[in-house]
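Single-structure report; data block below.
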Amino acid sequence: MEIKHNISILGATGSIGTQTLDIVRENPDISVRAIAAHKNIKLLEEQAREFNPDFVSVTDEKAAAELKIKLADTSVRVLSGESGLIETATADGADTVVTAVVGIAGLKPTIEAIKARKNIALANKETLVTGGHIVTALAREYGSALLPVDSEHSAIFQSLQGSRDKSEIKKILLTASGGPFFGKTRAELADVTPADALKHPNWDMGAKVTIDSSTLVNKGLEVMEARWLFGVDIDDIEVLVHRQSVVHSAVEFCDNAVIAQLGTPDMRLPIQYAITYPYRRPMSGNVLDFTRYNTLTFAKPDTDTFFALSLAFEAGRKGGILPTVFNSADEAAVELFLAGKIGYLDIADRIAAAMQNAPCVQNPTIDEIFEADAYARDFVKNRS
Ligand code: NDP
Ligand code: MG
């Protein structure tokens, strides 16, 4: 079925953003109306020249001014600041917005995109972790589809195409690779360096999500993301460590049938499916060869070593601002860890302390979510 797609991309220069543009290269009927990033103007210039969007937006004002000069010989306009990011999210002519910025910075533009009745190809899990109650209600009100890009959630979404009624879901089986430190004890992780933690066994991703995969914070964020995307209870989500990353996740139904989506680790599939849904399209790249795998293994996660995962379940169960505190404390702690200012184990310790000291705010407004974000960052930075 031939349907033209017009997209805009928030975070075009990142891992998901550049893979989205790979999909566009392979599908001439997908056109890019607007792209945004933070400050990588070298790549943004190349992308603007290749994909000819109506405009490019750069959050960093100084970088935006430089890009304006570089693109002066083209018809591509250059916008800047947070307002530019929001204009990208609401760009005229785009029917789907790929939200691939990293962190809570994705929340406000996604809300504006929904209000502009765009469909959301959602990579930025932090949007649902922090503002899931607001975002899902708005999506229903404005008739926007939330189409998962995260590979596990895409797998669950694809598995759910086999069911007509949400009440048939018994359990979500969310798979996790286990990261580079699978099988280690907490004591063995005390001296982990950023370079050690940046080596992911199966997926090639941005720095923050790679560190989060090693601590299982990423899986914790994904549990909360799944809770909102699929409307299930936190305790109906089970994390399964599956080292080979072949089963991308599964759903167990009321009749005990389990439907899973399998494949090679390639983010382009979930990105493409989110854009072309409900249709599938041919794709280049590796197909799954079952004969390459003698065994597929599944195990319960080790929540003693990776206790951030238990913290995420706690945050998800208690709700309110705690998921935001979990997320923002982690964003701040990962930044400190990458800068060599705190140790690896301090990441989870600081998240736990920030959660323990957080005030109780249920059903937070957007302003209260950003207050919780500021509290958590401040708490993590000022704790010695
Ligand atoms: P990257 O770090 O590779 O890229 C982040 C992108 O966001 C860059 O384009 C960056 O611009 C831009 N950006 C960062 N901060 C801002 C800001 N304040 N305003 C505007 N743009 C900003 O991240 P990933 O692509 O790895 O991840 C993006 C999201 O997708 C995350 O939420 C992650 O959890 C999720 N995800 C990623 C997966 C992956 O395979 N990478 C898998 C599943 C989910 P610049 O380059 O200019 O700094
Ligand atoms: Mg994932």
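Of the residues that sit in segment 43-62 and are open to solvent by 30 Å² or more (accessible area, probe 1.4 Å) and near ligand 1 (Cβ under 8 Å from one of its atoms), which one is nearest to the chain's Cα centre (by Cα)? Once the filter is applied, the top-ranked residue is 59.
Evaluate segment 204-222: report whether one residue or more is more than 12 Å from the chain's Cα centre (by Cα), closer than 29 Å to residue 335 by Cβ and among the acidic types (Asp, Glu). Yes, that holds for at least one residue.
Of the residues making up segment 206-240, those that are within 18 Å of residue 192 (Cβ to Cβ) and aliphatic (A, V, I, L, M) number 5. If you go through segment 285-300 and pick out every residue that is modelled with pLDDT of 95 or more and surrounded by 10 or more Cβ atoms within 10 Å (Cβ to Cβ), you end up with 5.
Kindly indicate whether residue 350 is basic (Lys, Arg), over 25 Å from residue 109 (Cβ atoms) and loosely packed, with under 13 Cβ neighbours inside 10 Å. Criteria not met by residue 350. Scanning segment 186-213 for residues that are open to solvent by 70 Å² or more (accessible area, probe 1.4 Å), in a loop (DSSP other than H, G, I, E, B) and either within 16 Å of ligand 2 (Cβ to nearest atom) or not basic (Lys, Arg) (or both) yields 191, 198, 204. For segment 301-342, a residue qualifies if it is open to solvent by less than 40 Å² (accessible area, probe 1.4 Å), part of a loop (DSSP other than H, G, I, E, B) and in contact with a Leu (Cβ under 9 Å, 6 or more places away or on another chain), and the qualifying residues are 301, 305, 306, 342. Restricting attention to segment 150-173, the residues being within 16 Å of ligand 2 (Cβ to nearest atom) and either under 15 Å from residue 234 (Cβ atoms) or assigned to a helix (DSSP H, G or I) (or both) number 11.
Within segment 214-256, the set of residues being in a helix (DSSP H, G or I), open to solvent by 20 Å² or more (accessible area, probe 1.4 Å) and of a type in the set (A, V, I, L, M) comprises just one member, 229. Against the conditions (1) open to solvent by less than 40 Å² (accessible area, probe 1.4 Å); (2) part of a loop (DSSP other than H, G, I, E, B); (3) within 16 Å of ligand 2 (Cβ to nearest atom), residue 270 satisfies every one except (2).
The values are calculated or read from the model by the stated rules, or taken from the named source; none is laboratory data. Not measured: the values here are computed from a predicted model. Methodologically, a virtual Cβ is constructed for each residue, glycine included, from the backbone with ideal geometry; neighbour enumeration extends over all protein chains shown. Please note that ligands, DNA and RNA were not included when accessible areas were found on the heavy atoms of the full protein model with its side chains. Shrake-Rupley method; radii C 1.70, N 1.55, O 1.52, S 1.80 Å.
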